[in-house]
1. Select from THR176, THR156, THR41 the residue whose mean-square fluctuation is largest in a Gaussian network model of the chain (Cα-Cα springs shorter than 10 Å).
2. In the range 115-202, what GluC sites (Glu not before Pro) fall in a loop by DSSP, with at most 14 other Cβ atoms inside 10 Å?
3. Which cross-chain or sequence-distant (5 or more) residues have an amide H under 5 Å from the amide H of LEU13, H modelled 1.01 Å from N in plane?
4. Given the protein chains as shown and a 1.4 Å probe, how many square angstrom of ILE53 are accessible, to the nearest 10?
5. Using the scaling law 2.2 N^0.38 Å as the reference, what is the normalised Cα Rg of the chain?
6. Run lengths n ≥ 4 of DSSP H only: what is the helix-derived mean residue ellipticity at 222 nm for the chain, with -39500 (n - 2.57) per run over all residues, to the nearest 500?
7. Heads up, I need the accessible area for VAL136: 1.4 angstrom probe, whole protein in place, Å², nearest 10.
8. What's the whole-number percent of alpha carbon pairs in the range 104-202 lying beyond 17 angstrom?
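The values are calculated or read from the model by the stated rules, or taken from the named source; none is laboratory data. Keep in mind the model is a prediction, meaning the values are calculated, not measured. Reconstructed Cβ throughout: ideal geometry from the backbone, glycine too, with neighbour counts over all protein chains shown. Surface areas here come from the heavy atoms of the whole protein model, side chains and all, with no ligands, DNA or RNA. Shrake-Rupley method; radii C 1.70, N 1.55, O 1.52, S 1.80 Å.
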Amino acid sequence: MDIKQIYMDADALLEGHFKLSSGNHSQYYLQSAKVLEQPKTAQLLAEALAEQIRTSGIAIDTVCAPALGGLIAGYALAQALDVRYIFAERVGGEMTIRRGFDVKEGERVLICEDIITTGGSAMEAGAVVESLGGKVVAFAALANRGFCERQGGNVTRQPNCKLPEGTPFFALDDFTFEMYDPAECPLCKAGSEAIKPGSRGN
Ligand code: ZN
């Protein structure tokens, strides 16, 4: 399965000149929500991810996704793994688990995101699950932005990866692309202007 092609076909991997939320510029932008707008594509991707997880032999009781980014990917993955699904959400900036969801003592939980950049939200959702007595046995995402090391991938862990070392991280592919300080951006130097993703409806 050519994951990057699926993203391209869904206009979820954009090529151009983008201003990222960090302030850096990039030639590419990953809009994971866009690849999930077709439920059949979401299902296809989730099944591929579930297959990796099943092959690893790691037993999962529950998938937990941090809202908002992980909601659809997490639900699709839970369906593919045929396990329970819950989500965590921020209240006043702090990650919480609400809505009557419980986590049982020792429950084996996988934290699922749409895309893992440094893994901050996933790590926070995992901390909440563990504070309630659950055990975070794995992390998963459709796409790895290349700062964390996924099972079977070619990218080595970078210092800014926030996922706990030693807990397996599954993703369908690495989407590693250069980010530039605006002052040193070759695209700016070539005379084009960076656009903010979303500003043209993407
Ligand atoms: Zn630029």
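1. THR156
2. Values: sites: GLU124, GLU130, GLU149, GLU165, GLU178, GLU184, GLU193; in loops: GLU149, GLU165, GLU178, GLU193.
Sparse-neighbourhood loop GluC sites (Glu not before Pro): GLU165, GLU178, GLU193.
3. MET8, GLN31
4. Using a 1.4 Å probe on the heavy atoms, I get roughly 0 Å².
5. Here the answer is 1.04, to two decimals.
6. That calculation yields -8000 deg cm²/dmol at 222 nm.
7. The accessible area of VAL136 comes to roughly 20 Å².
8. Values: 2844 of 4851 pairs.
Roughly 59 percent, rounded to a whole number.
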